[in-house]
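J.: Take this structure first; my questions come after.
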Amino acid sequence: MTIPHNNPNTIFTRTSPDDGLLFGTEFSQLYANDNELQNEVNFLETQFDPQSQLSNTPNWSSPSTSIAPSTKALDFRTKSLIPLRRFAGWLVDFWALIDTTNENNWTSICWSPELHLFVAVASSGAGNRVMTSPNKVTWLLQISAADNSWNSICWSPELHLFVAVASSGTGNRVMTSPDGRNWTIRTSAADNSWNSVCWSPELHLFVAVASSGTGNRIMTSPNGVDWTSQASGADNNWYSVCWSPALNLFVAVGSSAVVLTSSNGISWTSTTIASGIWSSVCWAPELNIFVTVSGYNSPTQQIATSSNGTTWTIRLNTSVINFWLSSICWSAELGIFVVGSQGGSGGLLSSPNGLDWTFRTGVSNIHWNSICWSPEFGIFVGVQLPVLSSTQRVITSGSGLGVGYLG
């Protein structure tokens, strides 16, 4: 969230300034240049506890302090997000297909808040297996570093770097970019089928997982350039990996009844989960849970949760829906999980807590490969298989929140 800079005027005339109340224009003026307050607002949006951080005594003479001049104003600002969350399910019932003017098979997408940029990678295309968008509507093809089958992309704010991994290529199954446009091939630790990559800010480490290789289906890198093979323990088909800062833990899922966990990306421990082809996993810091989804080439579709990465509980196990669950994403701002699917008629599931799931009837015949959330735009953006239209490869949620919806 960015507070607008409107040449603020912090001189106010009030007969009773200690009431803590502000008019709308004064609110904008007072907080426009206050970086300390912006940090507090960002914190409050995750905690929803303004009373613990703010003073109820307005400071009219010096607004640029670490304590907000008006608890009431910030309290109202923060609580305004709560009604939005109540309508989160409705907001993910409406989606729009975006024409990308190309026929590539886009497999993964991510959002960079720092660059204000969506970036997607593909497993097909001739020299153009990357596309970018600053606004989720206009998409530009970029020159990929190689025509490999790129399966996953992630962003490191600390390194200011995109990293993508592939399942094909010879010694070159990693590429990096500082801006999403200029890409450089990196030497992969092994020529395995790399399916997923994630970044740990706390460990300053990338971790990628694969579905091929012998005892080395994990690789790590501190910089996206130099990669090292790690012992994976079990040679399962690992499809997804994510990081929990709160637990200081990586979790990897795949096509088995096994989950891998690691606190450092190097030493991995196996734990059990219900048998399935677990295709995607994510962490929701506000709920302190992992959620993973399954169902590929299976008569049943499953969703499981874990608060520690070790003990997993099945929350959904159904054969009613005729598609398999392919990708999951969490929106902290809306307080909702969204799960995309493939096969059958396609579809979407959502949940506010990871426990109770709803099939979104407003979405059909969309076959999701990957989905991400942009807090700045207030939308989900996904990429899909080429089934409906040869060039409509991007899907966006029709929340209508737009830029600045948190402001």
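J.: Quick check on Val197: is it among the β-branched types (Val, Ile, Thr), outside any strand (DSSP E or B) and under 17 Å from Ala164 (Cβ atoms)? Can you show your working first?
T.: Values: among the β-branched types (Val, Ile, Thr): yes; outside any strand (DSSP E or B): no; under 17 Å from Ala164 (Cβ atoms): yes.
For Val197, the condition - among the β-branched types (Val, Ile, Thr), outside any strand (DSSP E or B) and under 17 Å from Ala164 (Cβ atoms) - is not met.
J.: Hey, another quick one. Is it fair to say Thr101 is hydroxyl-bearing (Ser, Thr, Tyr), in a loop (DSSP other than H, G, I, E, B) and either out of contact with any Lys or Arg (no Cβ under 8 Å at 6 or more places or on another chain) or within 19 Å of Ile328 (Cα to Cα) (or both)? Give the steps one after another, and end with the answer.
T.: Working: hydroxyl-bearing (Ser, Thr, Tyr): yes; in a loop (DSSP other than H, G, I, E, B): yes; either out of contact with any Lys or Arg (no Cβ under 8 Å at 6 or more places or on another chain) or within 19 Å of Ile328 (Cα to Cα) (or both): yes.
Judged against the criteria, Thr101 is a match.
J.: Something else now. Identify all residues within segment 333-358 that are surrounded by fewer than 17 Cβ atoms within 10 Å (Cβ to Cβ) and either closer than 14 Å to Leu91 by Cα or polar (S, T, N, Q) (or both); write none if there are none.
T.: Residues satisfying the conditions are Ser345, Asn353, Thr358.
J.: Against the condition over 21 Å from Thr101 (Cβ atoms), under 20 Å from the mean Cα position of the chain (by Cα), of a type in the set (Gly, Ala, Ser) and modelled with pLDDT of 80 or more, how does Ser370 come out, does it pass? Full working, then the answer.
T.: Numbers: over 21 Å from Thr101 (Cβ atoms): no; under 20 Å from the mean Cα position of the chain (by Cα): yes; of a type in the set (Gly, Ala, Ser): yes; modelled with pLDDT of 80 or more: yes.
No; evaluated as a whole, the condition is false for this residue.
J.: Look at Val163 and say whether it is among the β-branched types (Val, Ile, Thr), within 23 Å of Asn308 (Cβ to Cβ) and in the same structural domain as Trp368 (by TED's automatic domain parsing). Give the derivation first.
T.: On the way: among the β-branched types (Val, Ile, Thr): yes; within 23 Å of Asn308 (Cβ to Cβ): no; in the same structural domain as Trp368 (by TED's automatic domain parsing): yes.
No: the conditions fail for Val163.
J.: Can you run down the residue pairs with Cβ atoms below 7 Å, 6 or more apart or on separate chains, where the first is in segment 166-192 and in contact (Cβ under 8 Å) with a residue 60 or more places away in the chain and in the same structural domain as Val121 (by TED's automatic domain parsing) and the partner is of a type outside the set (Gly, Ala, Ser) and assigned to a loop (DSSP other than H, G, I, E, B)?
T.: Pairs found: Asp179/Leu115; Gly180/Leu115.
J.: Further question on the same structure: Could you check Ala284 against (1) touching a Gly at 6+ places or on another chain (Cβ under 8 Å); (2) over 17 Å from Pro352 (Cα atoms) and say which number it fails?
T.: Tallying (1) touching a Gly at 6+ places or on another chain (Cβ under 8 Å); (2) over 17 Å from Pro352 (Cα atoms), Ala284 fails exactly one: (2).
J.: Under the condition of being polar (S, T, N, Q) and part of a loop (DSSP other than H, G, I, E, B), which residue from segment 223-248 is surrounded by the fewest Cβ atoms within 10 Å (Cβ to Cβ)? Talk me through it step by step, then tell me what you get.
T.: Just the residues of segment 223-248 that are polar (S, T, N, Q), to begin with: 223, 228-230, 232, 236-237, 240, 244, 248.
Okay, now just the ones that are also part of a loop (DSSP other than H, G, I, E, B), so 223, 232, 236-237, 248.
Details: Asn223: 15, Ser232: 23, Asn236: 22, Asn237: 18, Asn248: 13.
The extreme case among them is Asn248.
J.: Now for a different question. Looking only at segment 351-359, decide whether some residue is β-branched (Val, Ile, Thr), modelled with pLDDT under 80 and either outside any strand (DSSP E or B) or farther than 25 Å from Ser152 by Cβ (or both). Step through it out loud before you land on a result.
T.: So in segment 351-359, the residues β-branched (Val, Ile, Thr) come out as 358.
With the extra rule that they be modelled with pLDDT under 80, the set shrinks to none.
No, every residue in segment 351-359 fails to be β-branched (Val, Ile, Thr), modelled with pLDDT under 80 and either outside any strand (DSSP E or B) or farther than 25 Å from Ser152 by Cβ (or both).
J.: Checking the structure you have, find out if any residue of segment 310-321 is within 24 Å of Ile109 (Cα to Cα), modelled with pLDDT under 95, among the hydroxyl-bearing types (Ser, Thr, Tyr) and outside any strand (DSSP E or B).
T.: Checking segment 310-321: not a single residue is within 24 Å of Ile109 (Cα to Cα), modelled with pLDDT under 95, among the hydroxyl-bearing types (Ser, Thr, Tyr) and outside any strand (DSSP E or B).
J.: Is there a residue being modelled with pLDDT under 95, of a type outside the set (Lys, Arg), within 22 Å of the chain's Cα centre (by Cα) and in a strand (DSSP E or B) anywhere in segment 257-277?
T.: Scanning segment 257-277 turns up at least one residue that is modelled with pLDDT under 95, of a type outside the set (Lys, Arg), within 22 Å of the chain's Cα centre (by Cα) and in a strand (DSSP E or B).
The values are calculated or read from the model by the stated rules, or taken from the named source; none is laboratory data. Owing to the predicted nature of the structure, the values given are computational and were not obtained by experimental measurement. Backbone-built Cβ (ideal geometry, glycine too); neighbour counts: all protein chains shown.
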